[in-house]
1. The range 82-118: which chymotrypsin sites (Phe, Trp or Tyr not before Pro) are DSSP loop and have at most 16 other beta-carbon atoms within 10 angstrom?
2. From the Cα gyration tensor of the range 307-354, with a ≥ b ≥ c the square roots of its eigenvalues, which class applies: rounded if a/c is under 1.5, or else prolate if a/b is larger than b/c, or else oblate?
3. Only Cα pairs under 8 Å and at least 6 apart count here; give the relative contact order of the range 95-219 as a rounded whole percent.
4. Equivalent-ellipsoid semi-axes (√(5λ), Cα gyration tensor) for the range 237-304, whole Å, largest first?
5. Please report, for the Cα atoms of the chain, the Rg to one decimal and the Dmax as a whole number; what are they, in angstrom?
6. Taking a point 7 angstrom from the Cα of S76 along the C-beta vector, which residues in the range 84-117 have backbone N less than 18 Å away?
7. Calculate one ³J(HN,Hα) per residue across the range 264-269 by plugging θ = phi - 60° into the Karplus curve 6.51 cos²θ - 1.76 cosθ + 1.60, and present them in order as whole Hz with x for glycine and proline.
8. For S127, put the label point 7 Å out on the Cα→Cβ axis and report which residues of the range 283-309 keep their amide N under 15 Å from it.
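The values are calculated or read from the model by the stated rules, or taken from the named source; none is laboratory data. All values derive from a computational prediction rather than experimental measurement. Glycine also receives a Cβ, built like all others from the backbone with ideal geometry; neighbour counts cover every protein chain displayed. Ligands, DNA and RNA are excluded from the accessible area calculation, which covers all protein heavy atoms including side chains. Shrake-Rupley method; radii C 1.70, N 1.55, O 1.52, S 1.80 Å.
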Amino acid sequence: METKIVAIDPCNSEFFENEIKNAAEIIKAGGLVAFPTETVYGLGGDGTDPKAAKKIFAAKGRPSDNPLILHICDPSEAEKYTYTSDVYYKLSERFMPGPLTVVMKAKSIVPAETRGGLDIVAVRCPSNPIARRLIALSDRPIAAPSANLSGSPSPTDALHVIDDMKGRIDMIIDGGECDIGLESTIVKIEDDNSLTLLRPGRITVDELACVAPVSIADAVTGMLREGEVALSPGMKYRHYAPKAPVVLLDGGRDEIIRYISEKGTSKVAILCYSDDEAFFKRVLPEAELYIFGKRDNINEQARHLFSVLREADKHSYDMIYAPLPSKEGVGLALYNRMIRAAAHTIINLRQGRNG
Ligand code: TXA
Ligand code: MG
């Protein structure tokens with residue numbers, strides 16, 4: 001299949017009305033369009049069309065029991081697809097449009113294919129102007145997972161989408177680099193109106209807790225135990241996995257350097273804070289460094305994590321080392337993605353034992 005690639009400046013998207021209209025026509029006709037959001041790129045199709053959902057699963061190579069998020073352009077549109085509540089409207093007033101996805105009981109209009117056979121469905125109202133205009137002109141909810149091949153890091157730049165999806169979908173809208181770089185925060189509204197955090201993101205637990213009590217699903221920070229049912233089907237699949245094994249190092253800069261130099265640095269990549277770059281270069285001259293942000297700037301690290309993992313993946317490293325992030329605030333989102341990329345391999349250098 002030939003994939004059209006169209007560049008649109010997100011800051012001047014009103015000048016690209018025709019291009020976005022063409023993309024919307026593709027969605028209406030049952031085709032697939034990858035588009036930028038403020039979190040990561042999405043792979044969009046008509047959320048009311050079971051055939052479009054099947055095409056999305058096929059293009060990504062994704063198991064069809066892993067449901068899709070419905071993207072809407074006004075929070076009130078959730079009424080059509082879900083049974084909303086006061087808590088939903090409190091969340092939407094505070095966080096929408098923006099990087100929050102809310103899971104609620106689905107109405108029967110949502111095809112079973114879109115919700116992966118579950119009786120609940122996820123909705124999200126993105127803030128990216130291209131995404132918003134595309135949804136509006138499509139005149140239907142857009143079902144969109146991240147626009148990567150299943151198992152590889154989510155795309156935060158159109159070049160990543162081109163690498164994974166060229167030839168598999170109808171159109172890719174290039175709207176530049178995504179601002180946040182990690183996927184949205186996902187919460188489920190429970191029957192008692194409390195929230196369960198299914199996936200951490202830019203919107204933090206503390207922010208959510210201002211609206212309703214929040215509990216954190218075990219799989220957010222740990223591994224699913226054998227036989228345990230995943231609250232969100234996405235939790236049970238290996239995610240964000242680069243080809244080389246990733247090892248997370250829990251320790252300060254000097255402990256990390258000592259550990260890596262003992263293990264050897266040939267064919268090794270290190271994810272490193274920009275503050276430490278000069279020092280690492282001096283003491284570990286053979287290792288290849290991938291800088292993903294300043295030590296104190298978690299948002300900058302989040303923005304670059306997936307692109308750095310993709311870049312490292314182009315080389316055949318024997319090992320990728322990265323510092324273990326803190327679980328505070330947005331750090332929890334970074335921690336959640338990094339433990340998945342590392343298949344939970346964390347070396348505790350603080351106490352000198354494997355954690
Ligand atoms: O930021 C984002 O959320 C991006 C952009 C494109 O909007 N989308 C995204 O979609 O990350 P995806 O499909 O890659 O990840 C959505 C996660 C999956 O792990 C899926 O299992 C979970 O949300 N999910 C979707 N619908 C659900 C539902 N009804 N119940 C529980 N979990 C659900
Ligand atoms: Mg995904």
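1. When the chymotrypsin sites (Phe, Trp or Tyr not before Pro) of the range 82-118 are filtered for loop state and at most 16 Cβ neighbours within 10 Å, Y83 remain.
2. oblate
3. 23
4. 19, 17, 11
5. Looking at the chain, its Cα Rg and Dmax stand at 20.3, 61 Å.
6. So the set is 84-98.
7. Once θ is set to phi - 60°, the couplings for the range 264-269 become x, 10, 7, 6, 10, 10 Hz.
8. Of the residues in the range 283-309, 299-300, 303 have backbone N under 15 Å from the label point off S127.
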